[in-house]
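Just below is one structure, and these are the notes that go with it.
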Amino acid sequence: IKSVMDDFIKSLKELEPINVSFNTKDGAIVQNVKEICYFWVKDKKTVLVGTIYSELIVEEYLSDIIKKLPEDRFFQVHRSCVVNLEYVQNAIKEDGIVMKDGTWLPLSKRKQKDFFYAISKHFASSRR
């Protein structure tokens, strides 16, 4: 019974929205992390945020954005990119990552092993 209750409580927590605020040129915005597909640095303090609805331009350092994100959902695949593991469609070591919306993102050779481990762990835990 305890195991069933723990799973039930965990599933309820997953339904709760996790919102994060970001700075844009027009002010602050709030975004549900479940709707964020990726972050891609365009220049030092400008980050493109791909969401399931559109792309946003955030004026923050990627390192500051990463601190706001849940570690079990997001992974930094390159010094300039962070992906939501839920939206990865395909990953090939030499070619990079293709997101479900068709966006191609680079995959650092240094991060490959950890990325493939993280994505397998993520999908194993989401199927329970």
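The values are calculated or read from the model by the stated rules, or taken from the named source; none is laboratory data. From a predicted model like this one, the values you see are computed outputs, not experimental measurements. Note: ideal-geometry Cβ built from the backbone for every residue, glycine included; neighbour counts use all protein chains shown. Heads up: the accessible areas ignore ligands, DNA and RNA and are worked out on the full protein's heavy atoms, side chains in. Shrake-Rupley method; radii C 1.70, N 1.55, O 1.52, S 1.80 Å.
Filter the range 61-85 for residues that are more than 17 Å from N23 (Cβ to Cβ) and of a type in the set (A, V, I, L, M); which is surrounded by the fewest Cβ atoms within 10 Å (Cβ to Cβ)? It would help to see each step written out before you state the result.
Initial filter on the range 61-85 (more than 17 Å from N23 (Cβ to Cβ)): 70-81, 83-85.
Still in the running and of a type in the set (A, V, I, L, M): 77, 83, 85.
Numbers: V77: 25, V83: 28, L85: 18.
Step by step, filter the range 61-85, then rank; the result is L85.
Any residue that is out of contact with any helix residue (DSSP H, G or I) (no Cβ under 6 Å at 6 or more places or on another chain) and part of a loop (DSSP other than H, G, I, E, B) - is there at least one of those in the range 87-95?
Yes, some residue in the range 87-95 is out of contact with any helix residue (DSSP H, G or I) (no Cβ under 6 Å at 6 or more places or on another chain) and part of a loop (DSSP other than H, G, I, E, B).
Any idea which of (1) open to solvent by less than 60 Å² (accessible area, probe 1.4 Å); (2) polar (S, T, N, Q); (3) closer than 23 Å to F123 by Cα is the one N19 doesn't satisfy?
If we test N19 against (1) open to solvent by less than 60 Å² (accessible area, probe 1.4 Å); (2) polar (S, T, N, Q); (3) closer than 23 Å to F123 by Cα, just (1) comes out false.
Exactly one of (1) modelled with pLDDT of 95 or more; (2) among the β-branched types (V, I, T); (3) touching a Ser or Thr at 6+ places or on another chain (Cβ under 8 Å); (4) farther than 30 Å from D6 by Cβ is unmet by V49. Its number?
(3)
Only one of V30, V49, V58 is more than 16 Å from I119 (Cα to Cα), more than 12 Å from the chain's Cα centre (by Cα), surrounded by 12 or more Cβ atoms within 10 Å (Cβ to Cβ) and hydrophobic (A, V, I, L, M, F, W, C); which?
Working: V30 fails: surrounded by 12 or more Cβ atoms within 10 Å (Cβ to Cβ); V49 fails: more than 12 Å from the chain's Cα centre (by Cα).
Only one candidate qualifies: V58.
Exactly one condition in (1) open to solvent by less than 70 Å² (accessible area, probe 1.4 Å); (2) within 22 Å of T24 (Cα to Cα) is false for V88; which is it?
(2)
Within the bounds of the range 35-45, is there any residue that is closer than 19 Å to K121 by Cβ and of a type in the set (V, I, T)?
No, there is no match, as no residue in the range 35-45 is closer than 19 Å to K121 by Cβ and of a type in the set (V, I, T).
Filter the range 96-125 for residues that are without any contact (Cβ under 8 Å) to a residue 60 or more places away in the chain and open to solvent by 70 Å² or more (accessible area, probe 1.4 Å) and give the result. Steps first, please.
From the range 96-125, those without any contact (Cβ under 8 Å) to a residue 60 or more places away in the chain are 96-98, 102, 104, 106-125; that's our starting set.
Matches in the range 96-125: W104, K109, R110, K113, D114, Y117, K121.
For the range 52-77, name all the residues that are at pLDDT 95 or above and more than 20 Å from I29 (Cα to Cα).
F75, Q76, V77
With a cut-off of at least 2 residues that are out of contact with any His (no Cβ under 7 Å at 6 or more places or on another chain), in contact (Cβ under 8 Å) with a residue 60 or more places away in the chain and within 22 Å of V98 (Cβ to Cβ), name the strands (runs of 3 or more DSSP E) lying wholly within the range 21-76. Even if it seems obvious, please write down each step before you answer.
Details: elements: 27-32, 36-43, 46-51, 55-58.
Result: 36-43.
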